Amino acid sequence: MERKYNSATRPIKATVKYLARHEKSPVFYIGVPQGEQTQKPPSFEKKTVLLRNTRQNLSSFSLEENGFEFKIQELPEMDFLDKEAVIEKYYKVSEDLVADSTGALRVIAFDHNVRDYELASTDSRVDNPVRFVHNDYTEGSAPQRVIDLLGSESEKWLRKRYAFINVWRPLRGPILDFPLGFIDSKSLSSADFVDSELRYQDRVGHIYSVVNNPDHRWYFLEQMMPEEILLLKCFDSETKAQARYTGHAAFKHPSFSESHLPRRSIETRTIAFY
């Protein structure tokens with residue numbers, strides 16, 4: 001499919017939100033009333049970074065080397081705000097994409113989020129874009145998620161290599177306001193990660209927040225369209241893998257205009273078992 005893009009393919013400079021270095025045990029509350037929150041919100045450090053545009057070389061990135069890669073596929077016709085419809089129809093699409101890319105023996109799609117900062121204010125089915133730099137799973141929370149999902153069956157699968165891979169795409173395009181930026185895994189260090197709690201009303205989860213490192217190589221895809229899919233690796237159990245994580249965050253595009261339609265995107269979370 002050929003498409004003409006109005007924007008150049010040159011890099012851009014934009015501001016991203018890193019966790020402040022003095023934060024050692026940050027806690028993020030999700031859906032918890034403010035009166036029940038016992039910890040102060042984490043503080044952040046804003047940094048201007050260079051984001052390289054992947055538009056000219058989409059095929060040169062891979063999950064194994066960079067922690068991300070792109071696929072092209074027409075967006076299925078469905079109501080993506082209908083949770084059951086997405087689970088019934090789109091999860092299989094996501095599983096097939098990941099299986100095709102990784103050669104995994106089994107792929108399970110288990111969760112998703114639709115994000116639109118304008119719609120999120122009025123529709124509980126929709127979330128805001130996440131603006132701070134993070135990685136979705138940790139060394140502890142990744143195997144625990146497998147156990148939570150597979151129960152007694154998990155022991156067998158945890159003995160194999162597995163990876164958490166997000167399937168991220170726009171639901172309309174082009175994205176002009178808050179694109180997703182992501183860090184090449186090859187430029188990440190384990191020292192960049194801070195284990196962080198996600199406290200819900202009924203459970204506690206863990207992610208890695210990311211602190212600033214000038215070595216980080218940031219990328220994004222200018223004017224991303226719904227047929228363009230980003231596969232993003234958020235954990236790989238293979239400790240010798242070149243790419244095990246990818247820090248990522250939404251950022252405000254420097255040419256942002258209030259007249260743009262707000263970004264609307266969907267991310268589907270999958271586990272690939274090798």
Highest GNM mean-square fluctuation among Glu69, Glu153, Glu197, for the chain with Cα springs under 10 Å, belongs to Glu153
The chain, Gaussian network, Cα under 10 Å: of Asp96, Asp116, Asp215, the residue fluctuating most is Asp215
Selection from Leu119, Ala109, His22, by position along the positive dipole direction of region 13-273 (Cβ):
His22
Which value in Å does the Kirkwood hydrodynamic radius of the chain take, with 1/r averaged over all unlike C-alpha pairs and then inverted?
19.2
List the extent of the Cα atoms of region 233-274 along each of their three principal axes, largest first, rounded to whole Å.
45, 20, 9
Kirkwood-Stokes translational diffusion coefficient of region 26-168, alpha-carbon pairs, 37 °C, 0.692 mPa s, µm²/s:
177
Among Lys83/Lys160; Lys92/Lys186; Lys156/Lys240, which pairs are too far apart, with a Cα-Cα distance over 24 Å?
Lys83/Lys160; Lys92/Lys186
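Every number in this text was worked out from the coordinates using simple rules, so none of it is lab data. Everything numeric in this text was worked out from a predicted model, so none of it was measured. Note: ideal-geometry Cβ built from the backbone for every residue, glycine included; neighbour counts use all protein chains shown.
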